[in-house]
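Coordinate-derived values only; no laboratory data. Not measured: the values here are computed from a predicted model. Positions of Cβ are generated from backbone atoms using ideal geometry, with glycine treated the same way; all protein chains shown enter the neighbour counts.
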Amino acid sequence: MLNYDLAVIGGGPAGMAAALEAKENGVEKIIILERAATLGGILEQCIHAGFGLHYFKEELSGPEYAYRFIEKVKATDIDVKVDTMVLTIEEGNKITATNNVDGLIEISAKAIVLAMGCRERPRGAINIAGSRCSGIMTAGTAQKYVNIDGYMPGHKIVILGSGDIGLIMARRMSLEGAKVQMVCELQPYSNGLTRNIVQCLDDMGIPLKLSCTVVATHGKERLEGVTIADVDEKLCPIPGTERFVECDTLLLSIGLIPENELTRMAGIDLDRVTNGAVVDEYRQTSKEGVFACGNVLQVHDLVDYVTIESKLAGKGAAKYIKGESEKGEYIETQGINGVRYIVPQKINSKTDDDVNLYFRVGSVYKGAKIVVTCGDKVILSKKRPRMCPSEMETVTIKKDVIESIPAGEKLTVRVEE
Amino acid sequence: MQFDVAIIGAGVSGALTARELSRYNMQVALIEKGSDVAVGSTKANSAIVHAGFDAENGTLKAKLNVEGTALMPQVCKELNVPYKNIGSLVVAYSEKEMQTVQTLYERGVNNGVPDMRVIDKAELKELEPMISDLAVGALWAPSAGIVCPYELTIAAAVNAAENGVGFFRNCEVKGIEDDGEYFTLDTAQGEIKAKYVINAAGVYSDTVARMIGDDSFNIIPRKGEYYLLDKSECSKVKHTVFVCPTEMGKGILLSPTVDGNVLAGPTSIDIEEKDDVDTTAAGLKLVSDNAPKSIPTINLRNSITSFTGIRAHTDRKDNDFVIGQSEKNARFINVAGIESPGLSSAPAIGKYVADIVLSLFPCEKKADFNPERPAPVRFREMSTEERKALIEKDKRYGRIICRCETVTEGEIIDAIQGPVGAIDMDGVKRRTRAGMGRCQSGFCGSKVVEILARELGKNVNDITKYGGESKIIYERTK
Amino acid sequence: MIKNIICVSCPMGCPITVELSDSGEVINVTGNTCPRGKAYAITECTAPTRMLTSTVKVNGGRTAMVPVKTSKPIPKGMMFDIMKEINSVEVNSPVAIGQVIIENVLDTGADVIATNED
């Protein structure tokens, strides 16, 4: 049994930032357990630029963003085990993990940070009819084949879903010589950043079909084409609008799901909307000493926010390990009226800092207000020129405001048009 | 290449027949058109071992089902294949349907099905707590069970191979000549000669029969669509839950699988093309609309995947299995029309067909026949201590490749290097469950491709999903 | 000539209309809601530039490819020409992050540099 103060599961941007922050806050023995061959997580394959504009105030590629943290981790005495898969988390923060060098590893830690990231929704999640031939994969899988392994996953491509990974891959495949026929988006609006619509689709001359989806795949062995159809306002395909589009590859960019198998195994409460753990302002879960951050907690659109969130978790873990956690009443947060969820779901009334509430809205709003209330009292009201489901929103609640909230009250965030 | 017996088709019937024949001193070849065993009707069906009350009394279906179901536990034990004797329920939602339940009960008794009972609502609720409140009673058949059809077939094939059966995959039979003593099979891998031919070619068994001039039956491929649900749904269904059969068919069933998922389906539509395994929006909708009728809390949104199976239904009026010597050639044995309850019957079909062969070609039993297929390593089912010991022995069992199903590199190598080993992605998936989980190979796919290429000495871009043109990746980017 | 573009300076995504003379000079910009939008629109219509990222083949490295980017934005119209250059080179491991792979690619003044080590 190896003993650590802090065990961090996942060596992507979240895990690294949490581990580093814990170290800076005086935690001594830290280990990062990473299932891939290197630290860096999914950033290693995100070779496009656009990372770090908030956090570093400069534009970096994914590997460059990761590298800054990898170098920092290397400069500390944080232990790192790569190619290592965590199998179980048991009572008393006992972890079993495995790799092909050490074999089965058992670790006991005072605190754990869960930073396992997320995975892409596969085809089965939306059950597209048709054949089970090859040539149908998630955009992220294609990204790994192209950027890391250096292989073309196909030549004539249709992309379903206009999330950022789908858009980025539309450009990437075009630059490598593939013909990207179109990007289909079920919703009447794109789920990606405007910048990516312009630079990934418009630049490459790739049409974006809104309110349109893939209803069937065709091909006995390799994909030969897909049938697309327009959808109505209930997102159901409209009969008669079906048409065939030739392609050998269908890339799916239809959403991300936090990978919370270990979290569930540990008996931690999950939020039904985020599919991540229910956490407090330091990202402590319902299990004392277990923290969660990054995409395993909520799917982020910018890695910069992952870093900020993970530092909170690292700081919280350090406080916990040193026995300095505040113990007050919890104030619940609640999103209503267009606000789908809020992270953190609860705030310690004796928190020692201002708290940022992160949330997403359910549809596109222009010129609407975000209003935070506590009972009848309006705490904060801010106008936003534009809000959309694909972009995470945030508001800051001052420490003194939190302290003034009576026990048992809720903080409610809503959209007001 | 010369054999005593050539079996065409490595589905569950072909593989279990091969295994039965491998008990005897004869040279047997198992010839398969696909890139692997169990890739036709076998791979996609309800994975149920039926009790045996569906088929009309006196039919081969009735006889072989009841016999096969009785043999199944022993066969699965010998082959180290998970089998669960969970029992089945035919649920009635009206007094009229209770009459159907009674009819099925009586038919079952006549067929020799053991221990069945007609139960009332209270007992049904006890057995299947999440069942719809609209249910009024059910037929309880405790002898029914579940088994994974391709796991059973692969295990039978491996066991047959270890007992001397020759395997030919990617080996379509294009024509058959007969000189009175030997059949000459014209195949994708050249000529194969055999004294006896067993036609277990599934949906293509009519095509194969015609090669010797036997046109006594036609196969009408019948499509059935299914949803496979996430393991998170498994607590809701304890037994195989059928609805009452109507003139429209057997209806949509819900059943746990041996791996802890839930199956919902099938639809039933006659189709033109024998290899049309496309799912359809209409078919999937039919399943998702009807599945919650038995278990209202079942959540079809928790589906991992959907798929289509093709049943080899014949145009024969008796609606029975077509098993026996062809009227055109006594050395040619048809094993055709093996639709439901084909999987349940398969162990009995194997014995039945072997008996026919032995009556024509008497043979001594092999002294060294080994009925056991060693259990493959299943890391995910092991205790920490077992895992420790395993990895100490071989470090490759310490590297997790498929994180959703916890499959190690060692297990994948076993699947590729073992007898009748995997040669493509789907082959690895069916043998190890790598890629069968929530992410559907999103993460592990490229690693499995790499391992396949390394172990088979191929280029990564030659690796396919299931043979032919089903490539995973193309040329290098640069 | 009239050009309609969507501003990417911020998440607002304002639709901007730029009126250009026959010689390509900007006559008028409308639809923007801030000065940044106007500046973006003018650049986008007269001399649009892009950061280009791709990969270069590595010999003997941990992975088959090393990611690269242009050290500064390059003219938008040259993306595919520069891709050809990028695709024609190979590097040997070890590669350092920031290492120049192609100097002053196609006289753009931009270098192609590695964005990871390998």
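Return one quarter of the surface area of the convex hull spanned by the alpha-carbon atoms of chain A, equal to its mean projected area, in nm². Don't skip to the end; give the middle numbers.
Details: hull surface 84.0 nm².
Directional mean of the projected Cα hull area for chain A stands at 21.0 nm².
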**Message:** Can you report the principal axis dimensions of chain B using only the alpha carbons, biggest first, rounded to whole angstrom?
**Reply:** 61, 57, 44
**Request:** Check cross-link reach from B:LYS121 to the aspartates and glutamates: straight Cα distance under 16 Å, and skip same-chain residues fewer than eight apart.
**Result:** B:GLU95, B:GLU97, B:ASP133
**Asked** Kirkwood hydrodynamic radius (Cα pairs, Å) of the protein assembly as shown?
**Response** 31.1
**Request:** For chain A, set up a Gaussian network in which alpha carbons nearer than 10 Å are linked by springs, and say which option among A:LEU33, A:LEU114, A:LEU210 fluctuates the most.
**Result:** A:LEU210
**Message:** Straight-line reach from A:LYS366: which aspartates and glutamates fall under 17 Å, measuring Cα to Cα and dropping same-chain residues less than 8 apart?
**Reply:** A:GLU391, A:GLU393, A:GLU416, A:GLU417
**Prompt:** Structure shown: which of A:LYS29/B:LYS393; B:LYS174/B:LYS317; A:LYS81/A:LYS110; A:LYS287/A:LYS346 lie over 20 Å apart, alpha-carbon to alpha-carbon?
**Reply:** A:LYS29/B:LYS393; B:LYS174/B:LYS317
**Prompt:** Taking the alpha-carbon centroid of each part, what is the distance from segment B:55-116 to segment B:189-243 in angstrom?
**Reply:** 20
**Prompt:** Two-decimal Rg/Rh of segment B:38-123 from alpha-carbon positions, Kirkwood Rh?
**Reply:** 1.01
**Request:** Hand me the trypsin sites (Lys or Arg not before Pro) from segment B:316-388 located in a DSSP loop with no more than 12 other Cβ atoms within 10 Å, in residue order please.
**Result:** B:LYS317
**Asked** Spin-label point model (7 Å from Cα, Cβ direction): what's the C:GLU85 to B:ARG476 distance in nm?
**Response** 2.2
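Using 20 Å as the Cα-Cα cut-off, could you pick out the over-long pairs in C:LYS57/C:LYS84; B:LYS61/B:LYS193; B:LYS43/B:LYS236; A:LYS327/A:LYS398?
In this structure, B:LYS61/B:LYS193; B:LYS43/B:LYS236 lie more than 20 Å apart at Cα.
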**Message:** No partner Cβ under 4.7 angstrom, meaning no disulfide-compatible partner by this rule: which Cys of chain B qualify?
**Reply:** B:CYS76, B:CYS148, B:CYS171, B:CYS234, B:CYS244, B:CYS363, B:CYS404, B:CYS439
**Loop-located GluC sites (Glu not before Pro) in segment B:1-75, at most 14 other Cβ atoms within 10 Å (DSSP)** = B:GLU56
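Counting only chymotrypsin sites (Phe, Trp or Tyr not before Pro) that are in a DSSP loop and have at most 14 other C-beta atoms within 10 Å, tell me the longest site-free stretch of chain A. Spell out each step's value before the answer.
Details: sites that count: A:PHE56, A:TYR189.
The reported range is A:190-417.
Under 12 Å from the Cβ of A:ALA125, count the other residues' Cβ atoms, weight Lys and Arg +1, Asp and Glu -1, and hand me the total. All intermediate terms of the calculation are to be shown ahead of the outcome.
On the way: positive: A:ARG119, A:ARG121, A:ARG123, B:ARG301, B:ARG438; negative: A:GLU120, B:ASP230.
Within the 12 Å Cβ shell, the charges total +3.
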**Asked** Quick one: longest stretch of chain A between exposed loop trypsin sites (Lys or Arg not before Pro), exposed meaning at most 11 other C-beta atoms within 10 Å and loop per DSSP?
**Response** A:58-233
**Fill in**
On the formula 1/(1 + (r/R0)^6), with r taken between the Cβ atoms of A:LYS179 and C:CYS10 and R0 of 22 Å, the FRET efficiency rounded to 0.05 is 0.10
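Out of segment B:214-293, which GluC sites (Glu not before Pro) are coil in DSSP terms and have no more than 15 other C-beta atoms within 10 Å? Spell out each step's value before the answer.
Details: sites: B:GLU225, B:GLU233, B:GLU247, B:GLU272, B:GLU273; in loops: B:GLU247, B:GLU272, B:GLU273.
The qualifying sites are B:GLU247, B:GLU272, B:GLU273.
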**Item:** Sum of side-chain charges, C:VAL8 neighbourhood, beta-carbon under 9 Å (Lys, Arg +1; Asp, Glu -1)
**Value:** 0
**Item:** Distance cut-off 19 Å, percentage of C-alpha pairs in segment B:379-462 lying past it
**Value:** 34
**Prompt:** Give or take rounding to whole Å, what are the principal axis extents of the alpha carbon atoms in segment A:200-309, in descending order?
**Reply:** 55, 33, 32
**Message:** Need one number: nm distance between label points at B:GLN325 and B:ASN218, each 7 Å from Cα along Cα→Cβ, rounded to one decimal.
**Reply:** 2.8
